[in-house]
Amino acid sequence: MLIVLMDLLVYCNNSFPSSSLQRKINALTEKPRVFLNNQEMMAAMMEGMPLRQLLSFVPGIKREMLEQMAGSLTEGVAYNKKKCINGNESLMPDQKLENLLNLAMNALPHERAKSENLNVGYDPTTRLWDVIVKYSGPESGLGGERIQVVPLLGSYAVVTLPETEISAYSVREQIEFIEKPKRLYFETFEEREASCILPVQNGADGLTGKGILVGIVDSGVDYFHPDFRNEDGSTRILRLWDQSVAGNPPENYVSGTEYTKEEIDEALALGETEGRRLVPSGDFSGHGTAVLGIAAGNGRASDGVNRGVAYRSDLLVVKMGNPRENSFPRTTELMEGIDYLIRQAVKMRKPIVINVSFGNNYGSHRGDSLLENYIDTVAAMGRTVIVTGTGNNGSQPWHAGGILQQGKTEEIQLAVGAFEPTLNVQLWKDYEDEMEIYLESPSGERIGPLYERLGPQRHLLENTELLIYYGKPGPYQLSQEIYIDFIPEGNYVDSGVWKVLLSGKRVRSGQYFLWLPGGNVLNRGTGFYSPRAVGTLTIPSTAGKVISVGAYDSRQNAYADFSGRGSQFLPIRKPDLAAPGVSISAPVPGGGYATVTGTSFAAPFVSGSAALLMEWGIVKGNDPFLYGEKVKAYLRKGAQSVGGYEEYPNVEVGWGRLCLAESIPYGIS
């Protein structure tokens, strides 16, 4: 072991494998007894060869020794890999960086490549990171050579910079905290009368949303769909920012192309074929088209039958995305989209409702990530309301939790289905609680207790590497995170029942929470054996100043069990209310309609209703201050009962089901 550690210190003198070493590495797959000395073994691991495979080539090595060497070897590799790339840079975790970014910076290339989370935000072709930054002071101090900055409202920014510069960047005095982006998922699960909207829309003085902007940050929109066009054929969309089409980004942003109403009208006049060449923005999933149609479609394609809520509102659309290959929506793109919509509304001097029908599972769910803090900050700017769905994890086995007693042990069983390429588990607990954490593989191999120290820990159980980060609270977080990435040595994580064991050592509150990734990225059969339904709402519906919307079946007046639930164990009472989210008719690309289900489609009922409330208050002069939290309060007060519930608020439907007519305080004047 001493020889191995000495080799770790000298390895960087020869950071690239020699030709003779390369021949040995290549021969390993054909001749399993080719011998590598310690330094050569280190080089092979630097090139990404699996740990178990390499150690098994050492003559006479025993299983016990193999496991003992695993931690030292892999951590040594991480040190040398970092040192060879970045020079003599310390690998000590940077407490200005969130846990997951710290872990990504310390992980090996093959670990990051196999992980679902670690490379989100990183472009391996350019070796650049997109990160979320909270800063203080002037924007002018954020840039630099090869550093691209998009300043956002509220002293936040999206910064693109080389991986080798992140540590130095965090040292800047004005940088307060840095997070990496997270992947976002649609909140789909695969009416107007029930929500008391029709009485408000009817009559000569009915509410239509006129004078209020409705904005979405979503998958785009089919701007040719009749529901988003006026009677004369012109568009109702004032601005469309497609982040995925390179060319002409909006002022102060660096990606995508912004299209004006005039450009969209020109494209519409040319017809589908030529028009889409002029404005080549579409909605390939149909998600954004459906969301916008429910909130504000005018129903022209159905002679008004499928009319949305705020059907005369002007529209703003942001299509999330990035022109890079294999791109998917990320929290950085969501933040830029929200920022753009609020700036446009302020510039146009109009109130705005923003609908967000995306979410994810990564975080403490306590409203303390930079994303949630940012949304809470900008929700108080201008005359703004932000609405989001609570996700569709309510009936999924992706969350577990409980209360650990002092001196007791809790066993959380996690089933891993066959052919699972990777997965990760977040364990969140109160920092003041001291507990021992053990992990056990399906065959009964066990590690633990885990060391409570900053920095990555690596353990090998069966044919799966466990990459662990034992974090501490941060400037914006009271909770403590233990993050576990399951990285297969081959193609798949070992299937069967894994166990997380928690032993109470010095316990005060004892609360613990575990989350798996959402968005249906896991195979069927992977999940907690004893899942907990409470606390299954997705981020950012956990932000304090958004209106968080669950789903119910309006035909049965019954809660939709897929809808993400709040929790009595989380600090913010959620959801705020429920809206129809089962078998909803909504516009789809191509000009027709389809039936959709999910909280993605419950949220826009509330977004449209918020726009009508704001029209009644601000445009019609009944209440010029009817925006922000005041809209939430009115909607809560007007909410009606859902079948099966006697106590309100509750974790399923909040204050009840949406009823707009009862939310207008003095009736329509």
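The values are calculated or read from the model by the stated rules, or taken from the named source; none is laboratory data. The shown structure was predicted, so the numbers you read here are calculated from the model rather than taken from an experiment. Here the Cβ is made from the backbone with ideal geometry for all residues, glycine too, and neighbour counts use every protein chain on show. Areas reflect the complete protein model, heavy atoms only, side chains present, ligands, DNA and RNA absent. Shrake-Rupley method; radii C 1.70, N 1.55, O 1.52, S 1.80 Å.
Overview of values
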read-out	value
Amide H contacts of Ile386 (H built 1.01 Å from N, under 5 Å, at least 5 apart or other chain)	Ile354, Ile547
Entries in Lys350/Lys632; Lys96/Lys182; Lys574/Lys630; Lys182/Lys505 that, when Cα-Cα distance is taken, lie over 23 Å	Lys182/Lys505
Separation between Cα centres of region 118-183 and region 351-426, rounded to whole Å	23
Nearby aspartates and glutamates by direct alpha-carbon distance to Lys637 (threshold 20 angstrom, same-chain neighbours under 8 apart not counted)	Glu191, Glu193, Asp576, Glu615, Asp623, Glu629, Glu646, Glu647, Glu652, Glu662
Span from the region 532-598 Cα centroid across to the region 465-482 one, whole angstrom	29
Equivalent ellipsoid, region 439-542 (semi-axes from 5 times Cα gyration tensor eigenvalues, Å)	23, 20, 15
Calculated from backbone phi, Karplus (6.51, -1.76, 1.60) coupling profile of region 355-370 in Hz, x at Gly/Pro	9, 10, 10, 10, x, 8, 9, 7, x, 6, 6, 9, x, 10, 7, 4
Region 141-257: translational diffusion in µm²/s, Stokes-Einstein, Kirkwood Rh over Cα pairs, 10 °C, 1.306 mPa s	83
P(r) histogram, all alpha-carbon pairs of region 332-446 included - 10 Å bins from 0, percent	9, 31, 26, 19, 12, 4, 0
Region 212-288, relative contact order [Cα under 8 Å, separation at least 6], %	36
Zone of Tyr648's modelled label, taken as backbone nitrogen in region 612-642 under 11 Å from a point 7 Å along Cα→Cβ	635-642
Portion, in percent, of the accessible area of region 462-620 that falls on carbon or sulfur, probe 1.4 Å	46
For Thr235, distant residues with modelled amide H under 5 Å away	Asn230, Asp265
Reduced Cα scattering model of region 198-341, Debye log10 I(q)/I(0), q = 0.12, 0.13, 0.18, 0.20 Å⁻¹	-0.47, -0.55, -1.01, -1.21
Under-5 Å amide H pairs with Ser155, H placed in peptide plane, nonlocal only	none
Estimated vicinal HN-Hα couplings, Hz - region 243-253 in sequence order (Karplus 6.51, -1.76, 1.60; Gly, Pro = x)	5, 9, 9, 5, x, 9, x, x, 4, 6, 10
Area of Arg532 that stays accessible when all protein chains are in place (1.4 Å probe, Å², to 10)	40
Listed peptides 265-277, 225-237 by packing density, highest first (mean Cβ within 10 Å)	225-237, 265-277
Relative counts (whole %) of C-alpha pair distances in region 398-464, using bins that are 5 Å wide	3, 10, 22, 27, 21, 11, 4, 1
Under the Karplus curve 6.51 cos²θ - 1.76 cosθ + 1.60, θ = phi - 60°, whole-Hz ³J(HN,Hα) for region 618-634, x wherever Gly or Pro sits	8, 5, 8, x, 7, 7, x, 10, 8, 7, x, 5, 5, 4, 4, 4, 5
For His110, solvent-accessible area (1.4 Å; no DNA, RNA or ligand), Å²	50
